[in-house]
Amino acid sequence: GPFSGFEDLLGGARRRTARVGKLETAVEIELQEAYSGAERYVTISTDGNNRRIAVSIPPGVDSGSVVRITPGDGQELLLNVTVKPHERITRKGTSLSTEVDVPLEDVILGGEVDVQTMDKKVRVKIPPESQNGQRIRLKGQGMPTLGSKDSRGDLYVVVRPKMPKDITDEQRELIGRFKSIRS
């Protein structure tokens with residue numbers, strides 16, 4: 001009759017949940033762990049027996065990613081991943097960005113700054129006359145793409161000019177001269 005398809009749906013749903021066990025658990029990891037991959041221990045119970053299993057979380061996971069593990073015995077383990085915010089690096093997909101304070105004179109004349117990426121320190125060239133908020137792209141220094149280790153996003157370095165403090169009389173005079181000959 002008209003409801004036979006509906007009944008199949010219900011029957012299918014019932015059959016699926018009757019499998020030995022779908023276990024869901026939430027896992028919170030650091031951005032650094034999402035970058036390089038992580039291991040967590042999860043306790044699962046089978047017929048009243050608990051066992052701890054090591055679970056690998058692959059590089060590139062993001063908040064909302066679900067890692068599916070089948071530890072055997074017809075069990076399925078779903079890890080719902082949340083990646084904690086990082087104190088100085090923000091993430092959007094595989095792109096990362098970090099702000100860097102650049103002395104005003106280097107923003108105007110050009111210079112170099114050290115930037116801490118996810119796994120190393122790099123020297124980054126600041127082009128002359130950089131603007132506040134200008135983004136410098138470091139190709140391939142972003143997050144790995146989930147499921148393909150060799151593919152990475154980019155890291156964007158956001159320029160934040162640092163105003164000089166405690167300037168000397170000589171510096172003040174120079175800035176005054178700069179101000180007076182402004183075009």
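The values are calculated or read from the model by the stated rules, or taken from the named source; none is laboratory data. This is a predicted model, so every value here is computed, not measured. Don't worry about glycine lacking a Cβ; one is built from the backbone with ideal geometry, like all the others, and counts go over all protein chains shown. Calculation scope for accessible area: heavy atoms of the full protein, side chains included, ligands and nucleic acids excluded. Shrake-Rupley method; radii C 1.70, N 1.55, O 1.52, S 1.80 Å.
With 28 Å as the limit, write out which pairs from Lys84/Lys125; Lys120/Lys149; Lys120/Lys179; Lys139/Lys162; Lys92/Lys120; Lys92/Lys125 have Cα-Cα distances beyond it, or answer none.
Among Lys84/Lys125; Lys120/Lys149; Lys120/Lys179; Lys139/Lys162; Lys92/Lys120; Lys92/Lys125, the Cα-Cα distance tops 28 Å for Lys84/Lys125; Lys120/Lys179.
Cα-based values for the chain, radius of gyration first and Dmax second, are 26.4, 94 Å.
The accessible-area ordering, largest first, of the residues Met163, Met143 stands as Met163, Met143, per a 1.4 angstrom probe. Label zone (Glu76, point 7 Å along Cα-to-C-beta; backbone nitrogen cut-off 13 Å) within the range 20-42: 20-24. Straight Cα distances below 19 angstrom link Lys165 to the aspartates and glutamates Asp101, Glu105, Asp106, Glu173, with same-chain residues fewer than 8 positions distant left out.
Using a cut-off of 15 Å between beta-carbons, work out the net charge of the residues near Thr168 (Lys and Arg +1, Asp and Glu -1, Thr168 not included). Charge balance near Thr168 sits at -2.
Relative to the longest principal axis of the Cα atoms of the chain, the long axis of helix 4-17 makes an angle of roughly 80 degrees. How far is helix 169-180 tilted off the main Cα axis of the chain, in degrees rounded to 10, range 0 to 90? Once rounded, one gets 90 degrees.
Compute the FRET efficiency between Val158 and Lys22 as 1/(1 + (r/R0)^6), taking r as their Cβ-Cβ distance and R0 = 45 Å, and round to the nearest 0.05. If you can, show how the numbers build up before the last one.
Values: r = 43 Å, r/R0 = 0.95.
Efficiency at R0 = 45 Å is approximately 0.55.
Give me the percent of DSSP beta bridges within the chain that run antiparallel, rounded to the nearest 5.
Working: 30 of 47 bridges.
Counting only bridges with both partners in the chain, antiparallel ones make up about 65 percent.
Here r is the Cβ-Cβ distance between Asp119 and Arg51 and R0 is 35 Å; the resulting FRET efficiency, rounded to 0.05, is 0.55. Within the assembled protein chains, the solvent-accessible surface assigned to Leu104 is about 50 Å², based on a 1.4 Å probe.
At most 16 other C-beta atoms within 10 Å and a DSSP loop state: those are the exposed trypsin sites (Lys or Arg not before Pro) I care about. Give me the longest piece of the chain that has none. Looking at the chain, 20-87 is the longest stretch - no exposed trypsin sites (Lys or Arg not before Pro) with at most 16 other Cβ atoms within 10 Å.
Is it possible to state the helix-based mean residue ellipticity at 222 nm for the chain, with each DSSP H run of 4+ residues giving -39500 (n - 2.57), the sum divided by total residues, to the nearest 500 deg cm²/dmol? What is it? Could you put the intermediate results ahead of the total?
Working: 4 runs with 38 residues, N = 183.
It comes out at -6000 deg cm²/dmol, rounded to the nearest 500.
Within the shell of other residues whose beta carbon sits under 10 angstrom from the beta carbon of Tyr35, the net charge comes to -1, with Lys and Arg scored +1 and Asp and Glu -1.
Identify the GluC sites (Glu not before Pro) of the range 74-183 meeting these criteria: DSSP loop state and at most 14 other C-beta atoms within 10 Å of the C-beta.
Numbers: sites: Glu76, Glu87, Glu99, Glu105, Glu112, Glu129, Glu170, Glu173; in loops: Glu87, Glu129.
Answer by residue number: Glu87, Glu129.
Placing a label point 7 Å from the Cα of Ile175 along the Cα-to-Cβ direction, the residues of the range 125-146 whose backbone N falls under 17 Å of that point are 132.
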